[in-house]
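Below is one structure, written out as structure tokens; the observations come after it.
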Amino acid sequence: MSKRQLAMVMDLNKCIGCQTCTVACKTQWTNRNGRDYMYWNNVESRPGAGYPNKWEEFGGGFDQQGNLRDGEIPTRSKGYGDPWDFNHEELLHGDDFKNKSGVPAVGPNWDEEVGEGQFPNSNFFYLPRICNHCANPACLAACPSGAIFKRDQDGVVLVDLDRCKGQRLCIASCPYKKVYFNTKLFKAEKCILCFPRIEKGLAPACADQCVGRIRFVGYLDDKEGQVYKLVHKYKVALPLHADYGTVPNIYYVPPLKGPPKFDGDGKPIEGSERIPLSYLESLFGPDTKAALKRLESEIEQRKQGKGSELLDMLIAFKRDDMFRLGKEREI
Amino acid sequence: MPVSFTRRDTLKGLLTLGVGSLATTLKARTLGDDVKIVEDPRYEYSNASYTEKFYRQEFSSSYGVKSEHGHAYHCVNCQGNCAWEVWVKDGKVTRENQSRSYPAINPKIPDFNPRGCNKGVQHSQTMYEEDRLLHPMKRIGKRGDGKWQRISWDDAITEVASNLYQTMRRVGPAGNYIHIGAGMITEGRAASFKRLGTLLGAVRPYIASYVGDMFPGVSLVYGEGNIGCTSDFFYQSNLNIFWGTNPNTTRIPDAHFIWEGKYNGAKTIVITPEYNSSCIHADLWIPIKPGSDAYLALSVMDEIVERKLYNPKFIKEFTDLPLLVRKDSNALLTLADIDPKNALFDDKLLEHFSELMEEEAEHHPVNPSEIFLALNKSNGKVTIMSGSRGMPVETLRLVDSGWKIDPDLDADLKLTLKDGKEVEVTTSFNLLKQQLTQFSAKRVEGITGVNPSLVKELAQDMIYSKVAMTTIGFSLGKYFNGMLTQRAISSLVALTGKMGDLGGLNTENEWSIEGLGTLSSFAGKYRHRFASGAVSEFMLGESMDDYQELFSDSDLERATGMDKDDYQQKVEALVAKAKGDQGVGEGKSYWEEVETFVMAADARFRRNKGSYKEAFLNRAKFFAYADFRVSDLAQYADILLPAKSHYEVWDIRVNPGYHRYANLAHPPKGLNQVGEAKSEWEMATLIAKKITQLAKEQYKKSGDKRDLHIADPTHSDTGFRELELVADLFTIKGELESDRDAVEMAVSNVKQFRPHNVKSMIKQGGHLQLNDKAGKSSPLGRDRPYNTFENNLYLHQPMETLTGRLTFYVDDPEWIKVGAHLPIAVPELRAEKFPLLLMTPHAKWSIHSTYKTSTTLQRLQRGVPYAMIGVGCASRAGVKDGEMIKLVNSIGSVEVMAKVTPNIPNTVVLMEHGWEPYMFKGGVGQNQIMADMLNLLELSDGWGHLKFGVNWDGNQHAYTTTVKIEKV
């Protein structure tokens, strides 16, 4: 029995926040069958509320002792917001275009590109999120029906739609709030890492269709692969909120410090951190500093004309090389 | 348990659950409960196949069968031009996935896969939306009332054709306005209505100009506005500057090259008033005050000149800076001014050139007043410079067999002219130097907000980087002073000596594509009435009234030195000169007799300003509109023609040259027809046939030849529009009747497509790679990124300018009068009555207005029109994020949601453009509170290469309007 883990690295220094991934995922999976409000993939602007709004405040995950922590289920008014509908059918009849929900108050990308700080020293960056397909999934641990499993061949975490009884403890327990409830199916559903695509040699929609070319997909034990090298060899790719104890398998190259801030005279402050390191550490943990340092020094070397395997990898000359699915494309 | 769904779903959920008051916080089960301890979660799970089958089935329902997939791009005047696969199942499009099969050109340069964006990736959802136009409709109520009668295609076409015909009879060809708008800039589909318009002699305005996306200031310096590189150039550049542009938002498919370039060692600088999505990855962001960009450019030029950072060799060879200028008149000194026997004049060289000129005279006549002079340091004599328009020696070489010129950049001398007058002459470089001292970094700091240390950094980076590319965006041309800004930045880049493989200026590269003309034209025999976009739309919209309403005398004085009425009179005088058939050649053409409008893909009510909508509706006696959806404009049409959308047609798209691939659109196999939609080619063919039929019938009845032959002495070589021929001419006797015919004809005609054909394009994933003939001013190298002007830099070919050189100096008397003979910066026009500048840049969430109404995309925004305001601005107005506010000025007000952000200055309101009026309360859109004015310099016409055409027209401006905020 092979017990491999398929993982993804997202390079936040290349993410342009275009949301092509979000929409690609939506048309692949969540534009139908009670999934309208779900974003198996979303891109949030950080610092910010994310999706579901303020998801980090909903609890879940494990405590230091390895026990599940309490968690809360987001709701329409707290977290998800409405999937708004509009009156397209009335336009031909001369009506104005209207949001049927009235004046909206919250949505999945509500604070896009807002961030924080004071002009001209504000900052924000994009954080795309999918299910982390954790090695220690809290959703799996919490399910009273034993209806969540990890696939042997790739570690993809799936809700068993046959056995799921709709009790939703998985939703409360997932600290990333990446499990959703489908009222039409009366089952929990979540990102499936596009395993049906992977089985045909096609990368997940969010990665395959990513125009920023930020996503690498491969097996963590594939030592020739970018995922292994970025995570283990160069240690520039870090998990999001490892502190939640679920051992996530989606990794991020954290954002570099950004353009310099300005002093009162409009002079750039050399070496200033537009994005505070402490904020990044709160997301990506204590190894953030070392990861950024490594990246910065490789870029410096590159400027002096030296080669860099790490940067060549992140540049990704041939897009198809970003995916090592252990399978030729069949379709 | 209130888990969120649509209301109906939620209700269902609640009923099924039978609960409503459960606490939402779930207590975690702890050890001791019946918690299953997962030692290794990767255990063999016994019931995997149920779920796996479920999702596999879903996937295969979306994927269908590869052999049935179509290809497409989203040609709604998005410049991206990205190859997509269109997935289909049971005759219905399910979704789209990029082709991602563009061949790499070099293993050390990132490839172009995958292209696409958040808009294109959801067209499959939009094409089946409930605002889809399904049937031809005839208006039966008042315009805009939404009362329609469904009619047959034949009835609809008859209405359109007879209105076009009656107008030709009554008014002449100039009474018709036939146009495919900014919603469809492709070489294939858009040619349909162009062809029809050309055949009938109808008016067609220039799109780039009316949408305000022209680069006239770049044309001034470089001779053409669309210049620059393929996007992979950014990867191997040492410096990438993005000025007035936000590529992460508006060049989504190409942006990766920038950040891969950063990893490759390039320095990236963004110059914009706001901290936007591109700034976040930049090495340096320069927050500039809106509209002051020309001041910054000139201050960098001053730094370069003052510190002598420029390369004199480049300036001498490639710019007009060594040319001599008369101090008495500020005019360029020309050969016509000089007696060749003058002792100071190098008559030997003239003799030598004259021999060469005689050889060439047949195809390039000599014109002494377009031959310019410099002082040759190597012999101390005034000499003629080759390469200018009046000179058949077409080279910029300073040294060649027979001549050796070392132009003196600092020349200052007295000269006796042919008429005996003694004048002082100097170089344009000397004059530029003087001019620039007014714009030193210290002097302009208060205007630009840019610290002098940054001016220094920019100057050094632009000079010392081996390869430096400066990309400018459309936003700069949106200011009233935009042409001068574009010119100032172009001049700066020209001064740095970067061209060709060394970088330079990047707007939008255009490939040279030969053979597509046959689709839209008739070998020049019949011509359309090509109108200035800006003038045509401004006059049609009676926009002077809005100008009067919003601006004050002092606004105008600050921006132009004239008062409001004075400026208007001068504009009106220029506009009047170029009016109608008689005005052709006299400036910016436009025809005010237009009254019958047949248009497609053109949501003009959202774009045009102020009271345009009312003026247009008053003007339009008949107005037919083709689109695939009910846009705001569609609501007002007399006849609605349902068009096929991008996945249902054949089409071909090449330009702009962000990449070297031409994309093909062809529908998936077995695709179900959506309603009764037809392609624009099918519509145009039907209209052409019907016109011939109607004219013949009428002639048969009346015997009056004028019913068959419409007089057109100016735009038809035969002097007439022979309507009995229209059907055959349009369709080439049946060869060209459909979108597919058009594409097949294009693919087989275009030299740059060889050796490809439709079949090979489909096989490759819906595209082809252009061959090496596609480069216009550089070869298109097989394994390296493209940039313009290598032929100039290395082969010394003249530029397409009056002097053949990069143009700093314009000696048009009108320009001299206002001090614009040299690069200059002037304050922008804005109404000071209101405190906040309304900036409306290109959108991330729509392609102009297309997809603005997409449910998928609206859900990722705010679900209603919103505007960004600064934190300080919000607190001053007592406004919180998410509250509805009014943007108010003297023209009107518009209601939007406030989005409060720390990323913009407190002096602006930033709102993506493209929202359609019907999306706002009361149907009043953001552009309806805007006013603009035609710019006199942009209107000026006739000097050298500044002659009305695709490179020299004005822009409609947008960043002229100011507002105040009121709470709703």
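Here are the numbers:
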read-out	value
Residue among B:Ile904, B:Ile891, B:Ile965 that alone is in a strand (DSSP E or B) and either in contact with a His (Cβ under 8 Å, 6 or more places away or on another chain) or in contact (Cβ under 8 Å) with a residue 24 or more places away in the chain (or both)	B:Ile965
Contacts under 7 angstrom Cβ, first residue in the stretch B:675-696 being under 12 Å from B:Arg195 (Cβ atoms), partner assigned to a helix (DSSP H, G or I) and among the charged types (D, E, K, R), 6 or more apart	B:Trp681/B:Asp739; B:Ala684/B:Arg195
Some residue of the stretch A:52-69 being at the interface with chain B (Cβ under 8 Å from one of its Cβ atoms) and aromatic (Phe, Trp, Tyr)	no
The stretch A:274-318: number of residues that are outside any helix (DSSP H, G or I) and either at the interface with chain B (Cβ under 9 Å from one of its Cβ atoms) or modelled with pLDDT under 95 (or both)	10
Lone unmet requirement of (1) at negative phi; (2) more than 9 Å from chain A (Cβ to nearest Cβ) for B:Gly291	(1)
Selected residue (criterion: nearest to B:His796 (Cα to Cα)) from residues of the stretch B:395-417 that are at pLDDT below 95 and not in a strand (DSSP E or B)	B:Ser401
Where B:Asp783 falls short, out of the listed (1) over 25 Å from the mean Cα position of the chain (by Cα); (2) outside any loop (DSSP other than H, G, I, E, B)	(2)
Residues located in the stretch A:119-142, provided they are more than 7 Å from chain B (Cβ to nearest Cβ), under 22 Å from A:Pro260 (Cβ atoms) and part of a loop (DSSP other than H, G, I, E, B)	A:Asn121
Condition met for B:Asp632 (more than 24 Å from B:Lys964 (Cβ to Cβ) and in a helix (DSSP H, G or I))	no
Scan of the stretch B:70-96 for residues that are more than 10 Å from chain A (Cβ to nearest Cβ) and part of a loop (DSSP other than H, G, I, E, B), ordered by number	B:Tyr73, B:His74, B:Cys75, B:Val76, B:Asn77, B:Cys78, B:Gln79, B:Asn81, B:Ala83, B:Asp90, B:Gly91
Selection within the stretch B:207-250 - among the aliphatic types (A, V, I, L, M) and either free of Cβ contacts under 8 Å to residues at least 24 places away in the same chain or closer than 18 Å to B:Val300 by Cβ (or both)	B:Val218, B:Val221, B:Leu239, B:Ile241
Selected residue (criterion: surrounded by the most Cβ atoms within 10 Å (Cβ to Cβ)) from residues of the stretch B:189-228 that are assigned to a helix (DSSP H, G or I) and charged (D, E, K, R)	B:Arg195
Scan of the stretch A:207-222 for residues that are of a type outside the set (Gly, Ala, Ser) and away from chain B (no Cβ under 11 Å), ordered by number	A:Arg215, A:Phe216, A:Val217, A:Tyr219, A:Leu220, A:Asp221, A:Asp222
Qualifying position, being within 13 Å of another protein chain (Cβ to nearest Cβ) and farther than 29 Å from B:Arg443 by Cα, among B:Glu317, B:Glu260	B:Glu260
Test: residue in the stretch A:3-13 that is within 19 Å of the chain's Cα centre (by Cα), free of Cβ contacts under 8 Å to residues at least 40 places away in the same chain and at negative phi	no
Matching residues in the stretch A:258-288 - criterion: being closer than 24 Å to A:Ile130 by Cα and either of a type in the set (Ser, Thr, Tyr) or without any contact (Cβ under 8 Å) to a residue 60 or more places away in the chain (or both)	A:Leu277, A:Ser278, A:Tyr279, A:Leu280, A:Glu281, A:Ser282, A:Phe284, A:Gly285, A:Pro286, A:Asp287, A:Thr288
Every residue from the stretch A:19-34 that is touching a residue at least 40 places away in the same chain (Cβ under 8 Å), more than 14 Å from the chain's Cα centre (by Cα), within 7 Å of chain B (Cβ to nearest Cβ) and not in a helix (DSSP H, G or I)	A:Gly34
Criterion: in a helix (DSSP H, G or I), more than 8 Å from chain A (Cβ to nearest Cβ) and not polar (S, T, N, Q) - qualifying residue of B:Tyr177, B:Tyr165	B:Tyr165
Matching residues in the stretch B:456-486 - criterion: being outside any helix (DSSP H, G or I) and farther than 16 Å from B:Pro290 by Cβ	B:Ser465, B:Lys466, B:Val467, B:Ala468, B:Met469, B:Thr470, B:Thr471
Exclusive hit being buried (at least 23 other Cβ atoms within 10 Å of the Cβ), at pLDDT 95 or above and more than 28 Å from B:Val76 (Cβ to Cβ), set B:Leu556, B:Leu550, B:Leu540, B:Leu574	B:Leu550
Matching option when the condition is more than 7 Å from chain B (Cβ to nearest Cβ), acidic (Asp, Glu) and either in a loop (DSSP other than H, G, I, E, B) or farther than 30 Å from A:Gln5 by Cβ (or both), among A:Asp154, A:Asp162, A:Asp96	A:Asp154
Residue satisfying condition, being of a type in the set (S, T, N, Q) and within 19 Å of the chain's Cα centre (by Cα), within set A:Gln153, A:Gln226, A:Gln167	A:Gln226
Qualifying residues in the stretch B:890-918 (those that are charged (D, E, K, R) and within 10 Å of chain A (Cβ to nearest Cβ)) - the one surrounded by the fewest Cβ atoms within 10 Å (Cβ to Cβ)	B:Lys899
Complete set of residues in the stretch A:212-237 that are farther than 23 Å from A:Lys327 by Cα and buried (at least 24 other Cβ atoms within 10 Å of the Cβ)	A:Gly212, A:Val236, A:Ala237
Which numbered condition B:Asn113 misses (of (1) in contact (Cβ under 8 Å) with a residue 24 or more places away in the chain; (2) part of a loop (DSSP other than H, G, I, E, B); (3) on the phi < 0 side of the Ramachandran plot; (4) crowded, with 19+ Cβ neighbours inside 10 Å)	(1)
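Matching residues to (1) surrounded by 23 or more Cβ atoms within 10 Å (Cβ to Cβ); (2) not in a loop (DSSP other than H, G, I, E, B):
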| position | (1), (2) |
| --- | --- |
| B:Pro823 | yes, no |
| B:Val826 | no, no |
| B:Leu837 | yes, yes |
| B:Lys852 | yes, no |
| B:Gln861 | yes, no |
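The values are calculated or read from the model by the stated rules, or taken from the named source; none is laboratory data. Bear in mind that the values here come from a model prediction, so they are computed numbers and not experimental data. All Cβ positions, glycine included, derive from the backbone under ideal geometry; neighbour counts span all protein chains shown.
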